[in-house]
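Coordinate-derived values only; no laboratory data. Because the structure is a prediction, the values reported are computed rather than measured. Glycine gets a Cβ as well: all are built from the backbone with ideal geometry, and neighbour counts include every protein chain shown.
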Amino acid sequence: MEYLRSFLPENRILVGANISPDYARDELGAVESAPDVLVRPQSAEEVSKILSYANERLLPVVTRGAGTGLVGGAVAVSGGFMLETTLMNRIVELDERNMAVTVEPGVLLMDLSKYVQDRGYMYPPDPGETSATIGGNISTNAGGMRAVKYGVTRDYVLSLTAVLPTGEIETFGSKVVKNSSGYSIKDLLIGSEGTLAVIVGATLRVIPLPSEIVSLLVPFPTFRAAVSTVPELIRSGTDPTAVEFLTREVISLAEDYLGKRFPRIEGDTALLLTYDGFSAQELRERMDKASELCIEKGAYDVFIVDTEERRAAVWTARGAFLEAIKSSTTQFDECDVVVPRSKVADFTECVNELSGRIGLRIPYFGHAGDGNLHVYFCRDGLEETLWEKKLQEGFDVLYTKAVELGGMVSGEHGIGFAKRDYLAQRLGPNQMELMRRIKKAFDPNGILNPQKVCT
Ligand SMILES: Cc1cc2nc3c(=O)[nH]c(=O)nc-3n(C[C@H](O)[C@H](O)[C@H](O)COP(=O)(O)OP(=O)(O)OC[C@H]3O[C@@H](n4cnc5c(N)ncnc54)[C@H](O)[C@@H]3O)c2cc1C
C-alpha cells in the first residue's frame with residue numbers, strides 16, 4: 001500500500017470491503033474470487049510501476065476491462081492485484097488519411113463506434129455487449145454479428161502498446177497495412193486474455209461507413225431447413241453482413257424478458273440477415289437474390305425489417321437473448337463452440353438429444369453465418385450436486401461433438417478459467433506445451449492472470 005500510495009491517489013486504490021463484490025466475478029457469475037487490491041491506473045507508466053513491483057515479489061495481477069466476459073477470465077482466482085482499465089478511456093487520435101483510430105484500452109466499444117460513425121467511418125467488429133472495453137475485446141479477440149462479412153477484432157488491430165510483466169512498455173505493429181517483419185507479437189497478444197501483457201493502447205483500422213443497411217427476417221419450418229440455407233447464401237455472392245439464427249424457444253424467452261412481442265412469424269426457426277452497402281439499387285439486387293434462394297430452400301416468406309417499429313422489435317429481442325436466458329433460470333453456464341457452418345444442424349441435433357436425455361433445459365442461439373453457437377445450460381430448480389454432474393456430462397458431450405465436427409472450443413468468448421480443460425482436450429499436449437512456453441517467454445514468473453487459458 002505504501003508503494004502504491006507513493007504514485008497513486010487514495011481514491012484509485014481499493015482494498016477489502018471497499019472493493020465492490022462485482023469485481024469478484026464477471027458476467028458468467030459461476031467463478032468467484034475477489035482481488036486483494038483493486039487499482040485503477042490512468043497511464044501506461046502507472047501500469048508499468050505496478051507490474052514491475054508485482055513481478056519482483058511474485059504477486060498475481062489480473063487485468064480487467066468492463067467485466068462482461070463469460071469465462072471467468074477477469075476474475076482474480078489467485079487474489080493479488082486487479083488492474084481496472086476503465087479510467088484509461090481517451091480516444092487519442094483519428095488519422096483519416098490512414099483510416100486509423102488510436103485509443104486507450106478502457107474506451108467502451110459503444111463510445112468508439114459512435115465516435116467513428118459521427119465522422120463517417122465504421123469500426124466493424126460488433127460483439128453484442130457494447131459496454132465492453134476495447135482492451136477486453138482485443139484480449140478475447142471478440143467477434144460479433146458482422147464477422148461474416150468483416151471478420152473479427154484481430155482483423156482491425158494495426159498496432160498495440162503493451163506493458164510486459166517486467167515493466168517495459170513496447171509498441172507492436174504500426175499503421176502500415178502490410179507487414180512481414182518477423183513474428184507478429186501483436187497477433188500473439190490479441191486473444192491472449194491478459195496472460196501475456198497488459199494492453200495500454202491500440203491503433204485500429206476503420207472503414208467508410210456504409211450508407212445503406214437493411215435486415216431481412218426469414219422464417220423457416222424447421223431449424224435444419226434454416227441453417228442448411230446458410231452455406232448457399234454465403235456462396236451466392238450476395239455478401240451478407242450478418243446471418244443469425246433465432247429459435248422459437250429463445251424468441252419466447254426474449255418476449256417474456258422484455259414484455260414485448262416479436263413480429264408474428266410462422267415456423268420453428270428464423271434467419272435474420274443483414275445487408276449493407278453504398279447503393280440502394282445494388283443492395284436491393286443482392287437482397288432479391290438472397291430472398292429467392294431462401295424461398296427456394298423452403299422459407300415461408302421474407303420480411304424486410306424496414307419500419308422503425310419492426311427494427312426495434314427485432315433487434316431489441318436479438319440483443320436481449322443472453323440476458324433473457326440468464327433471467328429465466330437460477331444459474332447458467334455456456335458453451336461458445338464454433339463448428340464449420342455446414343455442421344451447425346448436426347451440432348444442434350446433438351444438443352437437443354442431450355437436453356432430452358439428461359433432462360436439462362439447453363436453449364441456444366448464434367451466428368449461423370460463421371458456425372458460432374451460444375448454448376446455455378440452465379440449472380432451473382436442480383439440486384447443486386446433480387446440476388454440477390449434469391453440467392459436466394453435458395459439456396463433455398458437446399465439446400467432444402464439436403471436435404468430431406471439426407470445430408473449436410470457443411468462437412469468441414475465450415477460454416479464461418472455465419474452459420481450460422476443454423482447450424487442453426482439443427489441442428493436445430504438444431500445442432498446450434507450445435502455449436506454455438510462449439507464456440513463459442513473456443511472463444517468466446507467471447504473475448499475469450494465473451490459472452487462465454493454458455496455465
Ligand atoms: C450480453 C452479452 C453479449 C455478448 N456478446 C458477445 C459477442 O457477440 N461477441 C463476443 O466476442 N463477446 C461477447 N460477449 C462477451 C464479452 O463482452 C467479451 O468477451 C468482451 O470482449 C469482454 O470485454 P470486457 O471489457 O468486459 O473484458 P473483461 O471481461 O473485463 O476481460 C476479458 C478478458 O480480457 C482481459 N483483459 C481485459 N482488458 C485487458 C487489457 N487492457 N490488457 C490485457 N488483458 C485485458 C481480462 O484479463 C480477461 O481475461 C458478450 C457478453 C455479454 C454479457
Quiz item: Can you flag which of Lys390/Lys419; Lys49/Lys186; Lys419/Lys452 are past 18 Å Cα-Cα?
Solution: Lys49/Lys186
Quiz item: How are the Cα pair distances of the stretch 356-455 distributed, in percent, across 5 Å bins from 0?
Solution: 2, 10, 18, 20, 18, 13, 10, 5, 2, 0
Quiz prompt | √(5λ) per eigenvalue of the Cα gyration tensor, the stretch 329-404, largest first, Å | solution = 22, 12, 10
Quiz prompt | Using alpha-carbon coordinates, inclination of helix 420-442 to the longest axis of the chain, degrees | solution = 40
Exercise. Calculate I(q)/I(0) for the stretch 212-322 by the Debye formula, one identical point scatterer on each C-alpha and no solvent, and give its log10 at q = 0.23 Å⁻¹ to two decimals.
Key: -1.32
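Give me Rg/Rg_expected for the chain, where Rg uses Cα atoms only and Rg_expected = 2.2 N^0.38 Å with N residues.
Working it through for the chain, the quotient is 0.99.
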Practice problem: Compare the peptides 138-149, 432-443 by average per-residue count of other Cβ atoms within 10 angstrom and give them in order, highest first. | Solution: 138-149, 432-443
Practice problem: Show which lysines lie in cross-link reach of Lys289 when reach means a straight Cα distance below 20 angstrom and same-chain residues fewer than eight apart are skipped. | Solution: Lys149, Lys297
Quiz prompt | Additional length obtainable on full extension of the chain from Asn352 to Ser33, 0.36 nm per residue less Cα span | solution = 111.5 nm
Exercise. Apply the Debye scattering formula to the stretch 116-225, with a single equal point scatterer on each alpha-carbon and no solvent, then give log10 I(q)/I(0) at q = 0.11, 0.14, 0.19, 0.22 Å⁻¹.
Key: -0.44, -0.65, -1.02, -1.27
Practice problem: Give the Kirkwood hydrodynamic radius (Å, one decimal) of the stretch 2-84, defined as one over the mean of 1/r across all pairs of different Cα atoms. | Solution: 12.9
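Which value, in Å to one decimal place, does the Kirkwood hydrodynamic radius take for the stretch 273-358 when every pair of different Cα atoms is included?
Mean inverse Cα-Cα distance, inverted, gives 16.6 Å.
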Quiz prompt | Cα-based radius of gyration of the stretch 1-151 once divided by 2.2 N^0.38 Å, which approximates compact folds | solution = 1.12
